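Inspection log for the structure reproduced underneath, given as structure tokens.
Bear in mind these aren't lab numbers, they're just calculated from the coordinates by the rules spelled out. It should be emphasised that the depicted structure is a prediction, and the values quoted were computed from it without experimental measurement. Note: ideal-geometry Cβ built from the backbone for every residue, glycine included; neighbour counts use all protein chains shown.
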């Protein structure tokens, strides 16, 4: 058998020209969004204060493929296609017959996959004449990506960063400021939503739900401002499918196909971006692939939550979505994988999980960081804590192959580097990292606030 190269590349000409929209192939279509005040289905006019019309059209589209604007594709070409890497050293370290591949999304100015949608969203907002974009960020990857994209297209950017990550990851703050964006810790005193939270809990760690509330309020109260979300929504998932489409083409080049596809899961954009183009083959051709979305045990929305309509943010200002949720009031423990601390999940991913097409697994952060350190020492890339969730499960699956003797092909998305997460690694190396267990009592409390729809 011909030896697969360490890295499989595509040329610039092979960069995808269209995004893939899984809605076209889903056996059940996603439920409509509801207005947060009336709980009635939203229309384009309801979303217009937050998003440009081009993104609203993408959000509700059932077209299988949507063209990537040439200007966006030209920017992508400065850092894409990203390589598909054969993890030979990791395979040797695990002594497994499994073939392990990963797509590395950290080789761009933001250091993560988030730039794929940030560029598209900045482009569409600029085209509609918007001057400023407000957003939230958890660990800071999304805030970094959007600040870079806004700088590229001459837009102002305001970032509300979850307080616990704001304190844990100062270098993310600094790089966001370096690219010209304003950044504050959330909850903040800048918005009604933030002030209300601080009045109840002056020491609030914050959450993505709270930060979204602040960013949405900011956009809704300024005529020149739109809101941008880094995950969850259909159009964000759409933009990230460039990852999986590239991976499919790269696997074709080496005559391989994944038996198992793994991605970390917070709001769903990373996992869906790498998996959905392959899920298309499962839905339309019956291809047998195991898909695993990996979430933190401290925020297990798929493995312990409920498939319910819930608010996308704490202050109940964002559209209400049918998704797996732990309740919009839920504030997760201050784990270091800040990008995975969202209470809900992508409606598209939630639907596919509910249908049994996708699996989920929750893991503790001490095991995640052990896998991250092992990976860094053999593959020479320091992974983001979020990405390391996928690494842990990929390693577990490879060890299962060792036990069974099966030589399965495992593919995971290494969604970003951890170069700004050294405080988390320091805590792990010094034995200070703690695991957090999500209890039934926490679920009962969180679900008490979910609307009865």
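Structural descriptor for segment 353-453: relative contact order 28 percent, calculated from alpha carbon pairs under 8 angstrom and at least 6 residues apart.
Can you tell me how much longer the chain between residue 359 and residue 182 gets when fully stretched, taken as 0.36 nm per residue apart minus their C-alpha distance, in nm with one decimal?
Contour length minus the Cα-Cα distance gives 59.9 nm.
Going highest first, how would you order 243-249, 105-111, 268-274, 303-309 by mean Cβ packing within 10 Å?
Highest-to-lowest ranking by the protection proxy: 268-274, 243-249, 105-111, 303-309.
Using the Cβ-Cβ distance between residue 440 and residue 13 with R0 set to 51 Å, the FRET efficiency from 1/(1 + (r/R0)^6) comes to roughly 0.40. Could you state the angle between the C-alpha long axis of helix 269-285 and the longest principal axis of the C-alpha atoms of the chain, as a value from 0 to 90 degrees rounded to the nearest 10? Value to nearest ten degrees: 60. Once the gyration tensor of the Cα atoms in segment 1-63 is diagonalised, the equivalent ellipsoid follows with semi-axes of 38, 16, 10 Å, ordered largest first. Averaging Cα coordinates gives a centre for segment 179-255 and one for segment 307-352; these two points are 12 Å apart.
Within segment 52-208, what percent of beta bridges assigned by DSSP are antiparallel, to the nearest 5?
Of those bridges, close to 20 percent are antiparallel.
For a test of the definition: using alpha carbon positions, the gyration tensor, and the 1.5 limit on a/c, classify segment 102-202 as rounded, prolate or oblate. Oblate. When peptides 348-354, 250-256 are sorted by average Cβ neighbour count within 10 Å, with the highest value leading, the order is 348-354, 250-256. Each part gets one Cα centre, and for segment 11-26 versus segment 112-154 those centres are 21 Å apart. All Cα-Cα separations within the chain were binned at 20 Å from zero, giving a P(r) of 28, 62, 11, 0, each value a whole percent of the pairs.
Need one word for segment 196-237: rounded, prolate or oblate. Basis is the Cα gyration tensor (sqrt eigenvalues a ≥ b ≥ c); a/c below 1.5 gives rounded, then a/b vs b/c decides.
Verdict is oblate for segment 196-237.
In terms of packing, defined here as the mean over residues of other Cβ atoms within 10 angstrom, the peptides 90-102, 399-411 line up highest first as 90-102, 399-411. Label point 7 Å out from residue 281 along Cα-to-Cβ: which residues of segment 219-261 have amide N under 13 Å? Of the residues in segment 219-261, 244-261 have backbone N under 13 Å from the label point off residue 281.
Distance from the C-alpha centroid of segment 357-427 to that of segment 36-89: 27 Å, rounded to the whole angstrom. Starting from the Cα gyration tensor of segment 335-415, take the square roots of the eigenvalues, sort them a ≥ b ≥ c, and report rounded, prolate or oblate (rounded when a/c is under 1.5, otherwise prolate if a/b is larger than b/c, else oblate). Oblate, because a/c is 1.5 or more while a/b does not exceed b/c.
Mind checking the angle between helix 365-379 and the chain's longest principal axis? C-alpha axes, 0 to 90 degrees, to the nearest 10. Tilt relative to the chain: about 50 degrees.
Between the helical axis of 208-220 and the longest alpha-carbon principal axis of the chain there is an angle of about 50 degrees. Computed on the chain, with alpha-carbon pairs under 8 angstrom and 6+ residues apart, the relative contact order is 20 percent. By other beta-carbon atoms within 10 Å, ranking 39, 443 with the fewest at the front produces 39, 443.
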